[in-house]
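Chemist: Starting off with a structure, shown below.
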């Protein structure tokens, strides 16, 4: 079923709602859109109600002209507004990259609405020593979309280092990713880069809130997605009910690069959550307890 959810500031978001069961809402990355979750919707809709939506700035969702209507906080509230539109009280939240950041922030902001979190490929711009460089690159990317248009600039953006493993592994899949990226609104892409990507806080500045979050969380990163590896380890250390999955020989577009492994791992995680078996780390396994003799 396709519909439009109206966000609390009036922006319309394009929503697809598939099947029945416990709901999962998938939150896409900057370079993708709701179509990027097709391998997951086809798999999980056999047992779950699967919801995808296009973020603001991604047609057929509205494309606000004002960059002030794009922010990390607004992306979090858009997830809430989609859930409200579908009258879903609680859902599993699965996000990649930009969507992974939104998913993590959703867990901190609306923990009572999240059954669990899958935070995949989240880390770019989080490393403190690279924070300003990331903001500068984000502004350059925004300018590239504006001046060259999405079709032309997608050929540059899709060749970024963490996308190369996908190209090498699955040229046909990478080509489809690149083509869909080229169909995006250049205005929406530029505003998203400036308002959401370049404006979001570093994960390292959120440690107190992360330590206080009790939502079961699976952190997923590819081992060739370098700038997500250290943030992934950091999240594992500070989020109480978290586990870390590192997928070998994989870059940033991990749900498309390794759909079978990603789906299987997320399915196992959801099953453990639903059985109440995804627990906080047992304090006896902390590093300070190694070889404790008294």
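The values are calculated or read from the model by the stated rules, or taken from the named source; none is laboratory data. Quick caveat, the model's predicted, so the values are computed rather than measured. Virtual Cβ from ideal backbone geometry, glycine too; neighbours counted across all protein chains shown.
Chemist: Within the bounds of segment 180-191, is there any residue that is more than 25 Å from residue 69 (Cα to Cα) and surrounded by fewer than 23 Cβ atoms within 10 Å (Cβ to Cβ)? If you could, list the steps in order and put the result at the bottom.
Modeler: Keep residues of segment 180-191 that are more than 25 Å from residue 69 (Cα to Cα), which gives none.
No.
Chemist: Find the residue count for segment 244-266, including only residues that are part of a helix (DSSP H, G or I) and in contact with a helix residue (DSSP H, G or I) (Cβ under 8 Å, 6 or more places away or on another chain). Before the answer, list the steps.
Modeler: So the first thing to find is which residues in segment 244-266 are part of a helix (DSSP H, G or I), and the list is 254-257, 259-266.
Filter again for in contact with a helix residue (DSSP H, G or I) (Cβ under 8 Å, 6 or more places away or on another chain), leaving 254-257, 259, 262-263, 266.
Selection size over segment 244-266: 8.
Chemist: Kindly evaluate residue 129 against the criterion of being surrounded by fewer than 17 Cβ atoms within 10 Å (Cβ to Cβ) and in a loop (DSSP other than H, G, I, E, B). Before the answer, list the steps.
Modeler: Values: surrounded by fewer than 17 Cβ atoms within 10 Å (Cβ to Cβ): yes; in a loop (DSSP other than H, G, I, E, B): no.
Judged against the criteria, residue 129 is not a match.
Chemist: Looking at (1) touching a residue at least 60 places away in the same chain (Cβ under 8 Å); (2) in contact with a strand residue (DSSP E or B) (Cβ under 6 Å, 6 or more places away or on another chain); (3) within 27 Å of residue 161 (Cα to Cα), find the lone condition where residue 54 falls short.
Modeler: Condition (1) is where residue 54 drops out.
Chemist: Give just the number: which of (1) surrounded by 23 or more Cβ atoms within 10 Å (Cβ to Cβ); (2) closer than 21 Å to residue 23 by Cα; (3) in contact with a helix residue (DSSP H, G or I) (Cβ under 7 Å, 6 or more places away or on another chain) does residue 222 not satisfy?
Modeler: (2)
Chemist: In addition: Which residues, counting only those in segment 108-121, are under 12 Å from the mean Cα position of the chain (by Cα) and under 15 Å from residue 209 (Cβ atoms)?
Modeler: Matches in segment 108-121: 117, 119.
Chemist: Let me ask something additional. Restricting to segment 239-294, give me the number of residues that are loosely packed, with under 10 Cβ neighbours inside 10 Å and modelled with pLDDT under 95. Reasoning before the result, please.
Modeler: Taking segment 239-294 as the starting set, the residues that turn out to be loosely packed, with under 10 Cβ neighbours inside 10 Å are 248, 260, 275-277, 282-285, 287-288, 290-294.
Those left that are additionally modelled with pLDDT under 95: 282-285, 287-288, 290-294.
Matching residues across segment 239-294 total 11.
Chemist: Here's something else I'd like to know. Quick check on my filter: what residues within segment 221-243 are within 15 Å of the chain's Cα centre (by Cα) and part of a strand (DSSP E or B)?
Modeler: Once the filter is applied, which keeps residues that are within 15 Å of the chain's Cα centre (by Cα) and part of a strand (DSSP E or B), segment 221-243 yields 221, 222.
Chemist: Only one residue in 125, 99 is touching a helix residue (DSSP H, G or I) at 6+ places or on another chain (Cβ under 9 Å), at pLDDT below 95 and within 22 Å of residue 230 (Cα to Cα). Which one? I'd like the intermediate steps shown before the answer.
Modeler: On the way: 99 fails: at pLDDT below 95.
After ruling out the rest, the residue left standing is 125.
Chemist: Now, a different point. Within segment 150-173, work out how many residues are closer than 16 Å to residue 35 by Cα and either touching a strand residue (DSSP E or B) at 6+ places or on another chain (Cβ under 6 Å) or in contact (Cβ under 8 Å) with a residue 40 or more places away in the chain (or both).
Modeler: Just the residues of segment 150-173 that are closer than 16 Å to residue 35 by Cα, to begin with: 172-173.
After this cut, where a residue has to be either touching a strand residue (DSSP E or B) at 6+ places or on another chain (Cβ under 6 Å) or in contact (Cβ under 8 Å) with a residue 40 or more places away in the chain (or both) as well, the list is 173.
Selection size over segment 150-173: 1.
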